[in-house]
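Shown next, in structure tokens, is the structure this report addresses.
The values are calculated or read from the model by the stated rules, or taken from the named source; none is laboratory data. Computed from a predicted model, the values in this text were never measured in an experiment. Methodologically, a virtual Cβ is constructed for each residue, glycine included, from the backbone with ideal geometry; neighbour enumeration extends over all protein chains shown. To get the accessible areas, we keep the full protein, side chains included, count just its heavy atoms, and leave off ligands, DNA and RNA. Shrake-Rupley method; radii C 1.70, N 1.55, O 1.52, S 1.80 Å.
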Amino acid sequence: AWDVPRNPPPAKTLDDSKLSKEIKSGYRLFTNTPVEAKRLVPGKMACNNCHLNAGQRNRALPLVGIAGQFPEYNRRAGRLITLADRIVDCFLRSENATGRGEEGEPPSPTDREVLALQAYITWLSRGYDVGANPQWRNKNTIPNETLVPMDKLDAKRGEELYLDRCTNCHGVDGQGVTVGDKRPGPLWGPDSWNDGAGAARIYTLAGIIRHMMPYLDPGSLTDEEAQHIAAFINSRPRPAYPYKDHDYLTEALPVDSVYYPKRTN
């Protein structure tokens with residue numbers, strides 16, 4: 001019921017205008033981020049690794065229709081954020097962006113890469129209503145009633161499941177297997193997302209795994225299996241996000257934020 005109902009406007013709607021060129025540039029950045037945005041991205045994660053088929057695959061964090069939902073409140077930031085803010089955050093966390101060239105500064109909402117991605121994501125949303133979330137957004141989740149308590153999650157069981165169900169694409173070492181011209185992003189290690197990313201939360205990652213994976217048989221894992229696999233993946237080493245102390249200052253720290261120091265208040 002929450003499949004993306006149609007593809008975005010066909011490519012023939014793009015002309016030779018400056019906006020169309022930015023949209024095309026955003027598509028290239030989205031699908032090949034480490035190459036197209038190499039001044040920002042030190043690792044090997046692309047937007048396309050989480051939002052499959054250039055943000056258009058059903059049940060794979062589709063971005064069709066979402067541009068009109070911004071600005072929106074973000075619990076982690078504790079404030080309203082724009083679409084550009086969200087893209088910057090993805091660079092900082094999921095892409096582990098370290099800075100612009102030798103400047104050592106984080107990505108900015110006015111950086112050309114951010115603007116081009118914003119143009120592409122907005123193009124994906126043409127024809128959709130502003131203000132009302134499309135029905136397929138925020139659906140890559142585990143239902144509350146089937147969440148396994150954090151102290152009951154078993155990373156060892158998750159590793160067994162991972163070795164059985166995930167290595168054809170992701171490899172035993174989690175770094176991805178090249179198939180044709182495609183290669184999944186690394187699931188851990190220095191080239192993966194950092195520990196401040198959304199996927200560094202166990203329940204969040206489990207929802208992604210549950211509905212998107214395995215790639216050729218999505219939905220075949222159970223809610224419980226997906227959570228154990230997520231616990232295993234997020235037990236592995238990954239880069240540290242240096243600004244975690246700025247997160248969740250006005251909202252409760254989610255219980256599955258395993259990389260954050262536990263709070264007493």
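At-a-glance table
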| quantity | calculated |
| --- | --- |
| Selection from the range 64-75 of residues that are touching a residue at least 40 places away in the same chain (Cβ under 8 Å), surrounded by fewer than 21 Cβ atoms within 10 Å (Cβ to Cβ) and of a type outside the set (Gly, Ala, Ser) | 69, 75 |
| Selected residue (criterion: surrounded by the most Cβ atoms within 10 Å (Cβ to Cβ)) from residues of the range 47-61 that are part of a helix (DSSP H, G or I) and hydrophobic (A, V, I, L, M, F, W, C) | 47 |
| Hey, residue 92 under 26 Å from residue 48 (Cβ atoms), open to solvent by less than 30 Å² (accessible area, probe 1.4 Å) and either assigned to a helix (DSSP H, G or I) or touching a helix residue (DSSP H, G or I) at 6+ places or on another chain (Cβ under 6 Å) (or both) or not | yes |
| Pairs where the first residue, in the range 95-117, is farther than 29 Å from residue 17 by Cα and the second is open to solvent by 30 Å² or more (accessible area, probe 1.4 Å) and modelled with pLDDT under 65, C-beta under 9 Å, 6+ apart | 98/104; 106/100 |
| Single unsatisfied condition, residue 86 versus (1) assigned to a loop (DSSP other than H, G, I, E, B); (2) surrounded by 14 or more Cβ atoms within 10 Å (Cβ to Cβ) | (1) |
| Residues (buried (at least 16 other Cβ atoms within 10 Å of the Cβ) and either basic (Lys, Arg) or outside any helix (DSSP H, G or I) (or both)) located in the range 157-175 | 157, 165, 166, 171, 174, 175 |
